[in-house]
Structure formats: structure tokens, C-alpha cells
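See below for the structure under consideration.
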Amino acid sequence: MPVVALTYLAFANTPSLWVVAGLLFGCLGDLFLLRPLQKHFFALGTASFFLGHVCYLVHIYTTYAVHVRWFWIVLVCAAYAAGIVVVYKGSRRSIPRALRPLALAYMVMLCTLSISVFLPLVTAFTWGKLASFLGASFFLTSDGVLCDMLFTKKAEPTKQNFAVMGTYILAQVLLTMGFAF
């Protein structure tokens, strides 16, 4: 993530410290998740990623304008909420009881991030906003694969590391490069 942060700083028209902070929290989360099967490291990693997404949201809401009718906002949010219900209901029993509130909060955060880059995209299309939306979508993919692997299959991440890390890195790169342009 430091390379992504430096690339972002080099190419962004107006670099945001919120984006850099988001990347640094992502790097911290990566360090904690080197031992994901230890619950406290998993919780600290998830909390770090959560704070990174909060930083991204601050950047989005201080940079982008949303001009869509309220009906579309409600419709998009309802679609994501339905997705959260379906995914959480299907995976809840596999997630350790102590981590369930954190897992649900993180799912809501990922969907909030995705919605928050989708609405500016449909307000005024740019390739940067499209890249950011795709990046947010890859976060959903990456974390979905990780959750399935850790809690449903109870496998070490190294068994499917490429799927998780490939989509995660793509998510960070697309999101931040989208913010840059």
C-alpha cells in the first residue's frame, strides 16, 4: 500500500490526506491479518480497514457532488441492504459469535463505500469515478472471499491468497487511482 500511496501522491491533481490515511490504515490492516485465525488480530485488522474506509468516505463526501433524485438513492440503498441481509443471514452461523457485530458493521461499511462512489458516478460520469466504483466493488469481492475462506471453509488464507490479495490490491489501486483523476 505504500507504493499505491506514493503513486497516488505523484499523480493526483489535488492529493487528499484522507486518501493517504485510508491507504495507511489498509497497510496496518494487512499487517494485522498476517495472523487472521487469531481472533484479536482479525478484529484489529478489520477495525483498521474500517477506519481506512471512513477516511475514504470523508474524501468522497468532501469532494464529490450527488445530484440524483431521492427515490434513486433509496432504491440503491435498499438493493444493497437486501444484499447485506442475504449474505449475513447465509454466513452468520459460520462467523464466531464475538465477531458477528464487527462483521455486520464491516459489511455495512463496504456497502456504504460502494454506494458513496456509485451515486457521484451516476450524477456525472467520469472514468475516475468508474474506477473508484469498480475498486469499491472489488473490496466486496475480496472480503467476501476472505470471509468464506476463514469462516465457512476454515482454511488458512495462504491456500487462496491470490484470490483474496489480487482482488484486494485491485480494489485499492482502482479506488485510489479513481480518486486521483
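Please treat every number below as a calculation from the coordinates, not as lab data. Values in this document were obtained by computation on a predicted structure and should not be read as measured data. Please note: Cβ atoms are built from the backbone with ideal geometry, for glycine as well, and neighbour counts cover all protein chains shown.
Observations, loosely collected:
- Among residues of the stretch 20-72, those that are in a loop (DSSP other than H, G, I, E, B), touching a Pro at 6+ places or on another chain (Cβ under 7 Å) and touching a residue at least 60 places away in the same chain (Cβ under 8 Å), counted: 2
- Selection from the stretch 1-19 of residues that are in a helix (DSSP H, G or I) and either charged (D, E, K, R) or in contact (Cβ under 8 Å) with a residue 40 or more places away in the chain (or both): 4, 5, 7, 8, 11, 18, 19
- Check on residue 164, touching a Pro at 6+ places or on another chain (Cβ under 9 Å) and part of a helix (DSSP H, G or I): yes
- Here residue 177 passes the criteria (1) of a type in the set (A, V, I, L, M, F, W, C); (2) surrounded by 14 or more Cβ atoms within 10 Å (Cβ to Cβ); (3) farther than 20 Å from residue 57 by Cβ except the one numbered (3).
- Restricting 68, 86, 74, 108 to residues that are out of contact with any Ser or Thr (no Cβ under 9 Å at 6 or more places or on another chain) and surrounded by 13 or more Cβ atoms within 10 Å (Cβ to Cβ) narrows the list to 108.
- In the condition set (1) farther than 22 Å from residue 178 by Cβ; (2) basic (Lys, Arg); (3) crowded, with 19+ Cβ neighbours inside 10 Å, residue 100 is compliant with all but (3).
- The stretch 30-60, subset in contact with a Ser or Thr (Cβ under 7 Å, 6 or more places away or on another chain) and of a type outside the set (Val, Ile, Thr), residue surrounded by the most Cβ atoms within 10 Å (Cβ to Cβ): 59
- When restricted to residues that are among the small types (Gly, Ala, Ser) and under 16 Å from residue 63 (Cα atoms), the stretch 112-142 contains 6.
- Members of the stretch 73-91 that are without any contact (Cβ under 8 Å) to a residue 40 or more places away in the chain and not hydrophobic (A, V, I, L, M, F, W, C): 80, 83, 88, 89, 90
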